[in-house]
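Data first, discussion second: the structure below is written as structure tokens.
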Amino acid sequence: MALASSVVELQPSSVKKKTAVSRSWILLDHYGKGTVLDADKYAIMRLVQIHARDLRILDPLLSYPSTILGREKVIVLNLEHIKAIITADEVLLRDPMDDDVVPIVEELRRRLPQVSAAEQGQGKEEACAQDGEGGEENEFPFEIRALEALFEAICSFLDARTRELETSAYPALDELISKISSRNLDRVRKLKCAMTRLTIRVQKIRDELESLLDDDDDMADLYLSRKLDASSSPTSSSDAPYWLYGSPNTGSKRHKSSRVSGTTVQRENDVEELEMLLEAYFMQIDGTLNKLATLREYIDDTEDYINIQLDNHRNQLIQLELFISVGTVCMSLYSLVAAIFGMNIPYTWKAPGHEHVFKWVVIFGGMVCASLFLSIVSYARRKGLVGS
């Protein structure tokens with residue numbers, strides 16, 4: 001659709017410093033030419049004829065999960081930092097000056113004009129002839145190509161974050177195994193929190209793609225060009241107002257009911273190519289999720305190993321405490337002998353000529369205490385109370 005008439009309502013803005021809520025958008029056309037716009041949500045709603053509840057999903061102040069919505073005239077895409085509105089011939093991307101969005105803008109500028117030039121070289125007559133012979137099956141429409149670029153960007157972004165996390169996590173876990181310290185434990189704790197957050201983000205995108213793949217109607221809603229062609233045909237022109245200006249929740253069904261041409265119905269229901277495209281990115285995002293699952297298993301195994309080590313150290317401390325307690329009891333008995341000899345009571349062995357008695361009492365008392373200590377330790381080992 002041509003949106004040139006609506007662009008005049010928006011004023012291109014120069015590069016500004018980021019504020020709390022960015023109003024900056026970039027509009028990319030069929031040829032990859034970008035126009036930076038400074039627009040509020042009402043201007044965007046007039047520009048692409050989108051409902052406020054759909055535009056609310058792209059609000060950075062609201063934490064909406066990853067969402068892909070196919071409406072009658074637009075596709076609303078909220079994938080992490082990628083917040084885009086796709087029409088049949090233009091792409092609106094939010095926050096084009098963001099560091100994570102700049103590469104996506106460059107990729108769209110690079111990829112969209114190439115396909116456009118090829119379509120222009122074929123000529124209108126040849127394009128119509130190929131359309132009659134099923135030539136469109138060999139080339140995705142504009143909105144699907146834009147979706148492909150955005151899916152590739154988000155999958156590559158999450159895969160890069162996963163690789164960075166793996167690069168930091170595995171050495172940290174190995175270091176924790178070799179040396180258990182507060183610093184290493186805190187480092188692994190932070191990495192585990194980051195992994196959990198990243199897993200939730202990847203899981204949401206995977207669930208959204210899986211939900212899209214499970215419903216042919218949702219995939220058919222992504223073909224904006226087909227719906228635009230059907231609305232311009234004589235067979236469906238009478239029904240156009242129902243889906244053009246109706247509710248986005250029921251418009252697609254009304255639009256589908258207006259297609260009476262067999263060829264049009266076949267093209268609308270033909271989502272096999274889009275399904276194969278989505279499956280490719282679904283497998284890629286699923287592979288990223290599997291990497292995170294493997295990392296989680298490694299972290300869990302490391303935690304189990306650390307707990308075993310800590311339990312072993314705890315058991316060793318208990319054994320040491322047992323030995324010290326037994327030794328203390330034996331020394332208490334030995335000190336009893338010293339207390340008896342220290343009493344101010346006249347004994348016959350204190351008389352001159354009986355000095356050897358003290359030596360034998362000390363030796364005998366020490367042997368008794370040592371024997372008692374060894375007996376208690378042997379009994380504890382025999383009963384399995386301490387290790388060998």
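The values are calculated or read from the model by the stated rules, or taken from the named source; none is laboratory data. In this text the structure is predicted, and so the values were computed from the model without any measurement. Glycine gets a Cβ as well: all are built from the backbone with ideal geometry, and neighbour counts include every protein chain shown. We work out accessible area using only protein heavy atoms, side chains counted, and drop any ligands, DNA or RNA first. Shrake-Rupley method; radii C 1.70, N 1.55, O 1.52, S 1.80 Å.
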Of the residues in region 59-80, those that are open to solvent by 10 Å² or more (accessible area, probe 1.4 Å) and without any contact (Cβ under 8 Å) to a residue 40 or more places away in the chain number 5
Exercise for the section: Confirm whether Ala146 is open to solvent by less than 30 Å² (accessible area, probe 1.4 Å), part of a helix (DSSP H, G or I) and not assigned by the TED database to the domain that holds Asn78. Expected result: yes
Review point. Before we move on, is Ile324 loosely packed, with under 12 Cβ neighbours inside 10 Å, out of contact with any helix residue (DSSP H, G or I) (no Cβ under 6 Å at 6 or more places or on another chain) and at pLDDT 75 or above?
Key: yes
Exception for Ala84 within (1) under 24 Å from Ala220 (Cα atoms); (2) modelled with pLDDT under 90 falls at (2)
Only one of (1) touching a His at 6+ places or on another chain (Cβ under 7 Å); (2) surrounded by 20 or more Cβ atoms within 10 Å (Cβ to Cβ) does not apply to Thr87, and that is (1)
